[in-house]
Amino acid sequence: MLTLGPMRMALVMPAPLTSQQIELYMKKRRIGSAQEAAAAAAGLSVRSARRIDTGGIQVQAGKPRGRTRPDPLEGIWEEVLLPLLTAKPGLTPITLLENLQRQQPDHDWLPLHRTLQRRVRQWKALHGPAPEVIFPLSYEPGEIAFCDFTQLKGVEITVAGQPFPHLLFHYRLAWSGWSYAQVIQGGESFVALSQGLQNALAASGGVPRELRTDRLSAACRNRNGSFAADITRRYHALCHHYGLAYSRNNLGVAHENGRVESPHGHLKERIQQALLLRGSHDFRAVAAYETFVMEVTAQYNRPRLCRLEQEKPALRSLPPHRFADYDIEQLKVRRTSTIEVRRVVYSVPPALIGHKVTVRIFHDRLQVLLGRQLACELVRLHGGDERHGRAWCIDLNHLIEALRRKPRALLHCRYQRELFPDGRWWTFWQGLITSGDRDAAARLMVEALYVGCRLDTYERVIAWLEAAQQRDRLSLAELQKRFRLPPHRSIPPQRIAQHALESYDHLLLVHSQAAGGGGDAADPAQTAATGAVPLPLAEPRLAG
């Protein structure tokens, strides 16, 4: 029979608790964790946790750690560096290190960089000037909103392959955190501020009591005078129209506008991440990029829609009409069928030549009005290549009919480059005028541009021109033969019914009565034959 000897059980003693375990357990308890959960997180038993709660176990203060090596700044800190810091507390460690290097070039001070950083940081904390205190702020629903302009730095947006410089107007309600973003072309103008702000108020569904901005040049003159005198009249009128109280932050104190400055980075990070997912920074048109920004902003606002609905009752209602978000200029259309707006020359329809027009200047477009009727709308150009001291924005559709009547004008036109749709057309034209008859080249190119305008397909026309040139069959006749343009819409024939000549007989009857003094009646037979109806005459009056 197998017998088992007495079992020998090893007595396992628990490891002593470390100060890190005790501190972690106490931290978990302070944030509301249960005793068992806090003990498990710190690696303690429940019994040890109870002893900590009752005060049976406390963290023992460790012995202060002394210096283990000689002070590398001995003889330098108190004698050289400390007087400099006391006189100029703004000095940085790298500046002090470079000063030591200049005074003692034979000694290598670079390994002491980290030591000097710690020493300076500790001295400034104990003896330096106290930093500015930032107070946490809270706002009531509908109390205040913030707005500002920002720029996508490090990201190049292109439209149809061309760089698209722009800004983003950012509006944010302080209580709900709801944001509105809009693409702005040009700088921080009042027109951009007015349009962006009014669109944001309409999108949020109401008006807060106060609007805060930084020191925008579109709203403030920034002359360091009184606040009321610095506010521009147009910005004052805009805020008065919506019943907004306006305020601004102090000069150079960006954190006072922190409710929108900090979300700038969040919104721009969302846009950059969406561009990475999209796989391209190029957009077909400006409208496509504006739609993209609106979609990203809507996704950014999704967690804040509930608070926005709660804040809407505190917002005041919008006024019945908008404030003017454009500038106005009165101009006369030149004989060149152009107008000049802020050092940019724009083409307009030739029918407006000689007329005085009103131009509404928006941040992204121009509206040309003849009287109160909208004559045309133009895309506004900001900057651009200047020739002859001006930038040019030419729409070929405005001028192609006149250019077709005067094709040689293409050879020496001031805005010749702007008449061509793209660089491919310009390159072909440069090769064409250097290879043969310039007048024939001008007639051919003007006809090709005319065909492109009428058919609205420049790509097909330039492809045919290049292929015909390679086959040595490029001519005006071949171009007209290849692209048979539809005839102009002619005026439809009008059929006007000829009235009967007998209808004039009543005029003869009236004349005969007036000549006979009106006393003799007309011949009944003649009246019946002609069918004339005698007309009543006015009663005769004496002269004077």
(request) Test Arg278 against the criterion of being open to solvent by 90 Å² or more (accessible area, probe 1.4 Å), within 21 Å of the chain's Cα centre (by Cα) and more than 30 Å from His241 (Cβ to Cβ), and give yes or no. (result) yes
(request) Note down all Cβ pairs under 8 Å where the first residue falls in region 345-360 and is closer than 16 Å to Ala402 by Cβ and open to solvent by 10 Å² or more (accessible area, probe 1.4 Å), the second is small (Gly, Ala, Ser) and assigned to a loop (DSSP other than H, G, I, E, B), and they're at least six residues apart or on different chains. (result) Pro349/Ser337; Pro350/Ser337; Leu352/Ser337; Ile353/Ser337
(request) State yes or no: is Tyr326 touching a strand residue (DSSP E or B) at 6+ places or on another chain (Cβ under 7 Å), within 16 Å of Trp392 (Cα to Cα) and not β-branched (Val, Ile, Thr)? (result) no
(request) Would you please list the contacts, defined by Cβ atoms under 9 Å and residues six or more apart or on different chains, that run from a residue in region 62-82 that is at pLDDT 85 or above to a residue that is open to solvent by 100 Å² or more (accessible area, probe 1.4 Å)? (result) Val80/Gln103
(request) All but one of (1) at pLDDT 85 or above; (2) part of a helix (DSSP H, G or I) hold for Val260, so report the exception by its number. (result) (1)
(message) Whether any residue in region 166-183 is polar (S, T, N, Q), assigned to a loop (DSSP other than H, G, I, E, B), under 23 Å from Arg270 (Cα atoms) and within 14 Å of the chain's Cα centre (by Cα) is what I want to check.
(response) no
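Would you confirm, using the coordinates I've provided, whether Thr86 is of a type in the set (Ser, Thr, Tyr), open to solvent by 70 Å² or more (accessible area, probe 1.4 Å) and under 30 Å from Ile22 (Cβ atoms)? It would help to see each step written out before you state the result.
On the way: of a type in the set (Ser, Thr, Tyr): yes; open to solvent by 70 Å² or more (accessible area, probe 1.4 Å): yes; under 30 Å from Ile22 (Cβ atoms): no.
It is false that Thr86 is of a type in the set (Ser, Thr, Tyr), open to solvent by 70 Å² or more (accessible area, probe 1.4 Å) and under 30 Å from Ile22 (Cβ atoms).
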(message) Given (1) in a loop (DSSP other than H, G, I, E, B); (2) of a type in the set (Asp, Glu); (3) without any contact (Cβ under 8 Å) to a residue 24 or more places away in the chain, identify the lone condition not met by Glu377.
(response) (1)
(request) Please enumerate the residues belonging to region 134-165 that are open to solvent by 90 Å² or more (accessible area, probe 1.4 Å) and outside any loop (DSSP other than H, G, I, E, B). (result) Gln162
(request) Considering (1) open to solvent by 30 Å² or more (accessible area, probe 1.4 Å); (2) more than 23 Å from Ala285 (Cβ to Cβ); (3) of a type in the set (Val, Ile, Thr), say which one Val379 fails and leave the rest. (result) (2)
(request) For residues that are over 44 Å from the mean Cα position of the chain (by Cα) and among the aromatic types (Phe, Trp, Tyr), scanning just region 83-138, find the one that is nearest to Pro72 (Cα to Cα). (result) Trp109
(request) Scan region 417-431 and give yes if some residue there is open to solvent by less than 30 Å² (accessible area, probe 1.4 Å) and either on the phi > 0 side of the Ramachandran plot or in contact (Cβ under 8 Å) with a residue 60 or more places away in the chain (or both), otherwise no. (result) no
(message) Of the conditions (1) out of contact with any Gly (no Cβ under 9 Å at 6 or more places or on another chain); (2) within 30 Å of Gly279 (Cβ to Cβ); (3) open to solvent by less than 30 Å² (accessible area, probe 1.4 Å), Thr115 satisfies every one except a single condition; which number is it?
(response) (2)
(request) Tally the residues that are in a helix (DSSP H, G or I) and of a type in the set (Phe, Trp, Tyr), restricting the search to region 291-345. (result) 2
(request) Please find, among Glu329, Glu311, the residue that is surrounded by 13 or more Cβ atoms within 10 Å (Cβ to Cβ) and in contact with a Pro (Cβ under 9 Å, 6 or more places away or on another chain). (result) Glu311
(request) State which residue is nearest to Val286 (Cα to Cα) when the search covers only region 187-213 and only residues that are part of a loop (DSSP other than H, G, I, E, B) and open to solvent by 30 Å² or more (accessible area, probe 1.4 Å). (result) Gly187
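The values are calculated or read from the model by the stated rules, or taken from the named source; none is laboratory data. From a predicted model like this one, the values you see are computed outputs, not experimental measurements. Don't worry about glycine lacking a Cβ; one is built from the backbone with ideal geometry, like all the others, and counts go over all protein chains shown. Remember, those area values only see protein heavy atoms, side chains included, never the ligands or the DNA or RNA. Shrake-Rupley method; radii C 1.70, N 1.55, O 1.52, S 1.80 Å.
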